[in-house]
Amino acid sequence: MEKNNSNFLIIELGRLYAIWLREFKVFLREKSRLVASTFTPLLWLFVIGAGFGSTATNSEGGISGLDYQKFIFPGIIGMSVIFSSVFFGSYVIWDRKFDFLKSVMVAPVSRTTIFLGKAFGGMTNSLIQAAILLVIGIVIGISYSPLSMLFIIVIILLLSFSLTSLGLTLGSYIESLEGFQLIVSFVVFPLYFLSGALFPLRNLPIWLSVLTTLDPATYGVDALRSAMIAIAGKHMFVADISILLLSALCLGLIGIFSFRRMKAI
């Protein structure tokens, strides 16, 4: 009995790896996607960062003497993760259009394995894009220690898994690419702008503070800011990681449930 369970686990891991590898190879073949996904965050970092940085003033509840570009850099990493992760759900629609999804769905692979394989593929894509930006961070004076880099990778993976799960969930219910892009636009922009990527989370109006608290990306950006530039965030670092873990668990379970109900055609 134990041997059968072990063989089943090995087989499922092999299937999971195959789905992840397929998503990874698709990403590597789309060079334009990598360039475009890197260009937009860099535009925000250097244009918005320089423009707003020239007028930003220091305050006790604000940037606290830190260069504005350095202050928003963790938010730019968060931006890359948010957009790439949520929009990854569109690949479910493409797979459905080209009948790849149907062939996977009728194969002897559990829906949970399919979902996790795709989610891990989205996480890998987000991590690669974020890694490019992390190198750019050195140019503007961001320094990393081995421990801070470990924290950064963990935060990116947790945030990416949460938002990739959200994107895959949306993709499992929407049949047209146009409809997906329209609905996702109402998701990614609030997630990004309410995350505190561009402004401090302290001394906000009550209504805005409530919305930022409800945004799971807020805790990712807050944790990244603590790990990268060593300034105290609005929340404790342990609290940020705990909420990210809870978000990943909840959105992952919702995604698995959605995939189990999804039609292949």
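The values are calculated or read from the model by the stated rules, or taken from the named source; none is laboratory data. Fair warning: this is a prediction, and the values are worked out from it, not measured in the lab. When we count neighbours, we look across all protein chains shown, and the Cβ atoms used for this are built from the backbone with ideal geometry, even at glycine.
So in the range 1-42, with the set limited to residues that are of a type in the set (Ser, Thr, Tyr) and loosely packed, with under 12 Cβ neighbours inside 10 Å, which one is modelled with the highest pLDDT? Looking at residues that are of a type in the set (Ser, Thr, Tyr) and loosely packed, with under 12 Cβ neighbours inside 10 Å, I get SER32.
Examine the range 192-210 for a residue that is closer than 23 Å to PHE115 by Cα and either in contact with a helix residue (DSSP H, G or I) (Cβ under 7 Å, 6 or more places away or on another chain) or surrounded by 21 or more Cβ atoms within 10 Å (Cβ to Cβ) (or both), and state whether such a residue exists. No.
Taking first residues from the range 170-184 that are closer than 17 Å to GLY255 by Cα and partners that are in a helix (DSSP H, G or I) and charged (D, E, K, R), the Cβ contacts under 8 Å between residues at least 6 apart in sequence or on separate chains come to SER172/ARG261; GLU175/ARG96. Tallying residues that are under 15 Å from the mean Cα position of the chain (by Cα) and not in a helix (DSSP H, G or I) within the range 67-101 yields 2.
Let me confirm something: among PHE161, PHE193, PHE189, which residue is touching a residue at least 40 places away in the same chain (Cβ under 8 Å) and of a type in the set (Phe, Trp, Tyr)?
Working: PHE193 fails: touching a residue at least 40 places away in the same chain (Cβ under 8 Å); PHE189 fails: touching a residue at least 40 places away in the same chain (Cβ under 8 Å).
The unique qualifying residue is PHE161.
Six or more apart or on different chains, Cβ under 6 Å: which pairs go from a residue in the range 72-92 that's touching a residue at least 60 places away in the same chain (Cβ under 8 Å) to one that's among the aromatic types (Phe, Trp, Tyr) and part of a helix (DSSP H, G or I)? Could you list them? Pairs found: ILE76/TRP44; MET79/TYR192; ILE82/TYR192; SER90/PHE180. For LEU251, are the conditions met, namely being touching a Gly at 6+ places or on another chain (Cβ under 6 Å), in a helix (DSSP H, G or I) and not hydroxyl-bearing (Ser, Thr, Tyr)? It is false that LEU251 is touching a Gly at 6+ places or on another chain (Cβ under 6 Å), in a helix (DSSP H, G or I) and not hydroxyl-bearing (Ser, Thr, Tyr). Condition test on LYS97, is it out of contact with any Cys (no Cβ under 7 Å at 6 or more places or on another chain), closer than 14 Å to PHE27 by Cβ and among the basic types (Lys, Arg)? No; evaluated as a whole, the condition is false for this residue. When you look at ILE93, is it in contact with a Gly (Cβ under 9 Å, 6 or more places away or on another chain), closer than 27 Å to ALA36 by Cα and surrounded by fewer than 24 Cβ atoms within 10 Å (Cβ to Cβ), yes or no? Yes.
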